[in-house]
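Below is one structure, written out as structure tokens, with a few remarks after it.
The values are calculated or read from the model by the stated rules, or taken from the named source; none is laboratory data. This one's a predicted model, so the numbers in the text were calculated from it and none came from an experiment. Glycine gets a Cβ as well: all are built from the backbone with ideal geometry, and neighbour counts include every protein chain shown. Surface accessibility is based on the protein's heavy atoms, side chains included, excluding ligands, DNA and RNA. Shrake-Rupley method; radii C 1.70, N 1.55, O 1.52, S 1.80 Å.
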Amino acid sequence: MVLRKLTQLVSLFLFFLLVNITIAQTDSEVPLPDYFPTAGWQIDSPANHGFDETILATIEAYVSDETPYLDSILIIRNGYIVYESYYNDYDVDTLHDIASVTKSWTSALVGVAQAQGMLTDLDATLPTLLPDYFADDTHTDKSEITLRDVLMMRSGIGFEENLFYTGGYGSPEELLATDTIAFGLDIPMVYQPGATWSYSTLDTQFISAIVQEAVGQPLNEFITPSLFEPMGITQFEWATDSSGITAGGSRLFLTPRDMAKLGLLYLHNGLWDNQQLVPAEWVEASLTPQGEAFYPPTDQQEIIEWYGYQWWLWKAEWNFGYRSFQAQGYAGQQVYVFPELDLIIVTTANLSNENPDLAQIDPNTAEQQEIGIGYIVTNIIFPALTDVELE
């Protein structure tokens, strides 16, 4: 839903006015849940967790009339599923393309690698981290890009996200048929590394290659013993490119219930069932707003307060006085986390297009889908809360 990753500032501000979503880090501890859903989520009545069931029931009519593209919606409070619906032939066991929600999983794996004693220097440069791609002094214009730069979407490479969405670089299948790192390194630099914030799936692909080089496994293998097995995630698909590098920024397929587990993991600072799967320090760093950078849509320096390390961050005043953080995917794939409310909301939505060669829909349509889903959050779910005050 959130459109910070789009490159048009006016659309962003209009979006915030329409949807008012708040996302940012919390400085208060969330009580541990009664259980962790390793063996599966437990379901409870919305009324037992501070929701007006009559108001929540209006979601169904809204979806039918206004958001037919919605494939699923889950509401989890205090660790219990209190609302869950599926549409368009999806059900609880159907894997869904989670689009750029993938990026937040990839970021978590950097933290796991750190905990294992690898990737401890975020300021290491690409030639150090990916030496095979820089042999014989090639790609010298990319030699100052660091791991921190790509985590923060600040590589400076002139990758155009809208071209990626609309197939301007080829279909996803065509891109995956290439060596995606070699492809990315051939794109010219347009900014100094570290100086400019520009949302880029290519930057996340560099993270995937860096983690693979460090741990000796592609992400789609490394994630199983590191996160998925201890979290009880047994069904997934995650694509790789022709060189065996996992698609770090997209092409991960999960069920919505398993998407929600990422939100719960970060809600509890990387702790899961008495195991510290992701270092708490990494979770905190990932959910910390960035400092100043040049922002192309405004052509000036801005405080990048809406993004951390592959997570979206939103302030309290943007949503009823409650901060939150979000793993966001194109056209309505979302994991919203509101720590002070112990609330997780997950949505998935249609990513298809009439053009079979494209896996993504038109950006304008994607924006409308995100706004429609945002309406459910701010105009139905939040007003249904009975145990908190809304500003």
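When all protein chains stay in place, what accessible area (Å², nearest 10, 1.4 Å probe) is found for Thr288?
Here the residue's solvent-accessible area equals roughly 50 Å².
Along the charge dipole of the chain, Cβ charges K/R +1 and D/E -1, which of Ala384, Ile59, Thr180 sits furthest on the positive end?
The one lying farthest along the dipole's positive direction is Ala384.
On a 0 to 90° scale, report how tilted helix 363-376 is relative to the longest principal axis of the chain, with both axes built from alpha carbons and the result rounded to the nearest 10.
With rounding to tens, the tilt is 30 degrees.
For the stretch 38-49, take each phi angle, set θ = phi - 60°, evaluate the Karplus expression 6.51 cos²θ - 1.76 cosθ + 1.60, and give the result in whole Hz per residue in order, putting x for glycine and proline.
Karplus-based 3J(HN,Hα) across the stretch 38-49 equals 4, 8, x, 6, 9, 10, 9, 5, x, 5, 6, 10 Hz.
Cα atoms only, the stretch 222-368: Rg and Dmax in Å?
According to the Cα coordinates of the stretch 222-368, Rg and Dmax are 16.9, 47 Å.
Per residue, how much accessible surface does the chain expose to a 1.4 Å probe? Answer in Å², no decimals. Working shown, then result.
Working: 14700 Å² over 391 residues.
Solvent-accessible surface per residue comes out at 38 Å².
On the protein heavy atoms, probe 1.4 angstrom, tell me the percent of accessible surface of the stretch 266-391 carried by carbon and sulfur. Show your work: numbers first, answer last.
On the way: 1910 of 4540 Å².
Within the stretch 266-391, the accessible surface is 42 percent carbon and sulfur.
Specify the angular offset, from 0 to 90 degrees and rounded to the nearest 10, of the alpha carbon long axis of helix 256-267 from the longest principal axis of the alpha carbons in the chain.
80
Computed from the mean reciprocal separation of all distinct C-alpha pairs, what Kirkwood hydrodynamic radius does the chain have, in Å? Let's see the in-between values first.
Working: mean 1/r = 0.0477 Å⁻¹.
Evaluated over the chain, this radius sits at 21.0 Å.
Ile380: accessible area at probe 1.4 Å, nearest 10 Å²?
10
Nearest 10 degrees, 0 to 90: what angle lies between the long axis of helix 9-19 and the longest principal axis of the chain (Cα atoms)?
20
So if I average 1/r over every pair of distinct C-alpha atoms in the stretch 282-321 and take the inverse, what Kirkwood radius in Å does that give?
Numbers: mean 1/r = 0.0907 Å⁻¹.
For the stretch 282-321, inverting the mean 1/r across all distinct Cα pairs yields 11.0 Å.
Quickly estimate the mean residue ellipticity at 222 nm for the chain, helices only: each DSSP H run with n ≥ 4 gives -39500 (n - 2.57), and the total goes over all residues, rounded to 500. Let's see the in-between values first.
Working: 14 runs with 117 residues, N = 391.
So the calculated ellipticity at 222 nm is -8000 deg cm²/dmol.
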